[in-house]
Amino acid sequence: MELRQLTSLVALAESGFNVTDAAERLCLVQSAVSQHLARLEQELGTHLFMRKGKRLIALTAAGEAVLNYARQALAIRENILSIGRDHVEEASGVLRIGTTHTQARYVLPQVIRCFRLTYPSVILQIHQGTPQQLVEMALTDQVDFSICTEELGQHSSLTAIPCYRWNRSLITPKKHPLLKQRPLSLESICNYPLITYTFGFTGANRMQTSFTRLGLKPEVVLSAADTDVIKTYVREGLGVGLIASMAYSPKHDDDLALQDLSHLLPWETTWIAYHKDKYLRRFQQKFIDLLDTMTMENGVIKTPDAVAPTKD
C-alpha cells in the first residue's frame with residue numbers, strides 16, 4: 001500500500017466522487033487516480049466504492065472505514081513533515097485559516113497585518129464556510145485551524161481555544177423611532193421587520209432562543225451569512241438589523257445608528273480550533289497567540305499599534 005493511493009482516496013471523497021476533479025486537485029491525470037484506487041481495492045480484497053455503471057457514486061461501509069484511517073495516516077505524514085519544516089524553514093510555509101465572513105472581514109485583518117510583520121514569507125489562505133463546514137475542514141486537515149463562534153467548542157476531536165467574547169447591536173437608519181425607545185427591549189424591536197444572521201451563523205441560534213423565551217416571534221424579512229448584506233438592506237429601509245457589535249465601523253457606517261444589546265442578549269464566545277493530534281508549526285502557534293493577544297474580553301479588537309509583533 002502506498003500513501004499516494006490513500007491520497008487519491010481522500011481527494012476523491014472530497015471531490016464528490018468525481019475522478020476528474022480529484023485528479024485536477026492532485027495535479028495528476030485521471031488515469032493515474034483511477035489506477036491508484038483500483039490497486040487499493042485489489043490489495044485490500046474488498047469493494048471500497050458503490051458504483052453506477054462505471055461511475056463511482058459513494059463509499060461502501062469498508063470504504064468509509066478505510067477513508068477514516070487514510071485521513072489519519074496522511075495527517076501523521078503531514079505532522080512529520082511539519083516537524084522537519086520547522087527546523088529547516090521556520091519562517092516560511094502556508095497558513096490555512098477556515099472562518100466565517102464576519103471573522104474574515106472584521107476581526108482578522110488587524111491580526112493578519114501584525115502576523116505578516118513577523119512572518120512575511122508565510123503564504124496565507126482564508127477559506128470561508130458555515131460553522132459545520134469549518135468543523136469538517138479542521139477535522140480533515142483542509143485547514144490548519146478554524147475560527148468561528150458555533151460548533152467548534154463542541155467537538156471532542158478538536159482542541160478548541162476561546163478567543164474572545166462578543167455581543168450584538170441593533171442598527172437602524174438615523175432618526176428611526178427605536179432610537180427614542182427607552183428602555184430598548186426585545187419586545188419593541190419586534191414591532192419592526194428584522195434583518196439578521198442566517199440560522200447557524202454568528203450566534204443566531206442563541207439569539208433566537210432569547211426571543212422565544214419571552215414568547216416573541218420577530219418578523220425576519222431577510223437573513224444572511226454576510227454582515228455587509230444586513231447593513232445594505234437596513235440602508236434600503238427593509239427593516240432594522242441585528243449584527244455582531246464588532247462588525248460596526250464608525251468610519252464606514254456613520255449613516256447607521258448603533259444601539260448596544262448586550263443587556264438583552266447572551267454573550268457569545270469565538271473559538272479557534274484544530275485537530276487534537278495536529279502538530280502546530282511555530283508560525284501557526286504564533287498566529288493563535290497573536291489572535292489571543294489582540295482581542296479583549298468584550299470583543300473589541302485592539303489597534304495594531306498597541307501590539308508589537310513578537311519574535312521567536
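The values are calculated or read from the model by the stated rules, or taken from the named source; none is laboratory data. A quick note: this is a predicted structure, and the numbers were derived from the prediction, not measured. We place every Cβ from the backbone using ideal geometry, glycine too, and count neighbours over all the protein chains shown.
When you look at residue 120, is it assigned to a loop (DSSP other than H, G, I, E, B), surrounded by fewer than 19 Cβ atoms within 10 Å (Cβ to Cβ) and at pLDDT 90 or above, yes or no? When the stated conditions are applied, residue 120 passes them.
Restricted to the range 219-238, and to residues there that are touching a residue at least 40 places away in the same chain (Cβ under 8 Å) and within 19 Å of residue 177 (Cβ to Cβ), the residue that is surrounded by the fewest Cβ atoms within 10 Å (Cβ to Cβ) is 237. Looking at the range 136-159, which of its residues are touching a residue at least 40 places away in the same chain (Cβ under 8 Å), part of a helix (DSSP H, G or I) and closer than 20 Å to residue 12 by Cα? Result: 138, 139. Looking only at residues in the range 92-117 that are in a helix (DSSP H, G or I), basic (Lys, Arg) and touching a residue at least 24 places away in the same chain (Cβ under 8 Å), the one that is surrounded by the fewest Cβ atoms within 10 Å (Cβ to Cβ) is 113.
Table: residues versus (1) among the hydrophobic types (A, V, I, L, M, F, W, C); (2) closer than 16 Å to residue 9 by Cβ.
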{"position": "75", "(1), (2)": "yes, yes"}
{"position": "85", "(1), (2)": "no, no"}
{"position": "92", "(1), (2)": "no, no"}
{"position": "95", "(1), (2)": "yes, no"}
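Listed by first and then second residue, the pairs with beta-carbon distance under 7 Å, at least 6 apart or on different chains, first residue in the range 43-62 and assigned by TED's automatic domain parsing to the domain that holds residue 22, second surrounded by 14 or more Cβ atoms within 10 Å (Cβ to Cβ) and among the charged types (D, E, K, R), are 47/41; 48/41.
Among the residues of the range 29-53, just one is out of contact with any helix residue (DSSP H, G or I) (no Cβ under 8 Å at 6 or more places or on another chain) and buried (at least 17 other Cβ atoms within 10 Å of the Cβ), namely 41. Within the range 215-240, the set of residues being outside any helix (DSSP H, G or I) and within 26 Å of the chain's Cα centre (by Cα) comprises 220, 221, 222, 223, 224, 225, 226. Each residue in the range 37-48 was checked for being under 15 Å from residue 17 (Cα atoms) and either at pLDDT below 90 or assigned to a helix (DSSP H, G or I) (or both), and 2 of them qualify.
Can you pull out the residues in the range 242-285 that are of a type in the set (Ser, Thr, Tyr) and assigned to a loop (DSSP other than H, G, I, E, B)? Answer for the range 242-285, where residues must be of a type in the set (Ser, Thr, Tyr) and assigned to a loop (DSSP other than H, G, I, E, B): 248, 249, 262, 279.
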